[in-house]
Amino acid sequence: MAEYTEFGLGMRMDANLPRLNAGVSLPKKEVLTADQALQSIRALLPSRQDIDFLRKDDDFLLRFLHARKMNVQDSFQLLANYYSYRQRNRHLFIHLNAQDESIQQALKDGFPGVLQQRDRKGRCVLVIFTAHWDHCSYSLIAVYRALLLTLEKLVEEKQNQMNGFVVVVDWTDFSFRQSSNLNPKVLKLMIEGLQDCFPARFKGIHFINQPWYVEALLTMIRPFLKEKTKEKIYMHGNNMSTLHEYVSKDILPAELGGEGPSFNPTMWSDRLLEESLKNSENPHDDTISETSGSDPESSSSEPDEPEPDQNKSQANVRKSETVPDALNSKQIVKKPLARKSSHAITSIVPSPEKF
């Protein structure tokens, strides 16, 4: 696919709408100071008794206010979504640190990589080279956990909260066999977590050298994307020049047609591991334990014993890569993460609309 296309439908202009220069005045939005916004969002916390807001400090709440441009109601909804998502998917956040074996492997393979320089708009640039994914050693869940850990670290910086992120995904040499391990259920879980439940502003997601089976997969997950998200996804094919219109060559590595040195994923992974080792004696309260919100007695409960025919399939699955079937106050029942896709792409029907 040599030509650049937009994944979304783009903006629609309607001639019947009044123009700003036609004498129509719009009401001015009230601009709150940081202190006022913090006071307002804190006042809303008691309205959600079903959610355990583990952190209420200023620095943490400001992440959500900046992500929603200081709109208190939207910021509070994002904060509620953030914790609700974590409570529903506790397995994703157990031992969420760089010392976890599968997360460490994903990070060392560049899932994701973080460029040292920002783009010209001050945005942090993440790069992912999908062909580096060793799906036999760690799962898509591990890749997602590594991405969550990276984003949690990056959003600590105010500049990243304000300016947001740009993501460049290189699909060069990504095989059909690798694509068969892109579990649709996990992809849907990732979309939900990053689109509606995380305080990050994604300014653009750029795909290059995507094969046909990746485009087919994108078509399948497209219904789960909001229109605003679709408009931020760009598929460049093998046309690097259009990518460089959005992300300057001077900060990109050589693999992406940039002027920088070759990409080195260990720079970011080593930094995270070093910081994780320093903080190992004082774990961050962002990590949700398996027994969070349960009775004290449940802290010592063990998962049910697997059935005899499950022993073989569970033998090589790491604890961090398991997905719970049920989660209640007494126990967590786990099963191994699926290693193959639950669907098969048989054909592609071209869409008449601009992709």
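The values are calculated or read from the model by the stated rules, or taken from the named source; none is laboratory data. Owing to the predicted nature of the structure, the values given are computational and were not obtained by experimental measurement. Neighbour counts run over all protein chains shown; Cβ positions are idealised from the backbone, glycine included. Quick note on the areas: whole protein, heavy atoms, side chains included, nothing else; ligands and nucleic acids left out. Shrake-Rupley method; radii C 1.70, N 1.55, O 1.52, S 1.80 Å.
Averaging the Cα positions of each part gives two centres, and for the stretch 200-226 and the stretch 64-119 these lie 19 Å apart. Counting 0.36 nm for each residue step from Asp35 to Gln49 and taking away their Cα separation leaves a gain of 2.7 nm. Note on Lys69 and Lys230: the model spin-label points, each 7 Å out from Cα along the C-beta direction, lie 2.1 nm apart. Between Glu255 and Arg42, the C-beta separation translates, for a Förster distance of 56 Å, into a calculated FRET efficiency of about 0.80. If I take R0 = 22 Å and measure r between the Cβ atoms of Glu275 and Glu101 in this structure, what FRET efficiency does the formula 1/(1 + (r/R0)^6) give, to the nearest 0.05? My answer for the efficiency is 0.80. Of the residues Cys197, Cys136, the one with the largest accessible area comes first in the ranking Cys136, Cys197, computed with a 1.4 Å probe on protein heavy atoms.
Using a cutoff of 8 angstrom between alpha carbon atoms and counting only pairs six or more residues apart, the relative contact order for the stretch 79-175 works out to 32 percent.
Put a dot 7 Å past the Cα of Met267, heading toward its Cβ, do the same for Lys121, and the two dots end up 2.3 nm apart.
Beyond 18 Å in Cα-Cα separation lie the following of the pairs Lys108/Lys153; Lys153/Lys278; Lys153/Lys232; Lys188/Lys230; Lys108/Lys232; Lys203/Lys230: Lys153/Lys232; Lys108/Lys232.
Between Ser248 and Lys56, the simple label model (points 7 Å from Cα in the Cβ direction) yields a spacing of 4.4 nm. With all protein chains kept in place, the per residue accessible area of the stretch 169-281 amounts to 48 square angstrom at a probe of 1.4 angstrom.
Lys and Arg at +1, Asp and Glu at -1: add these up for the other residues within a Cβ distance under 11 Å of Arg123 and post the number. My count for the surroundings of Arg123 gives +4.
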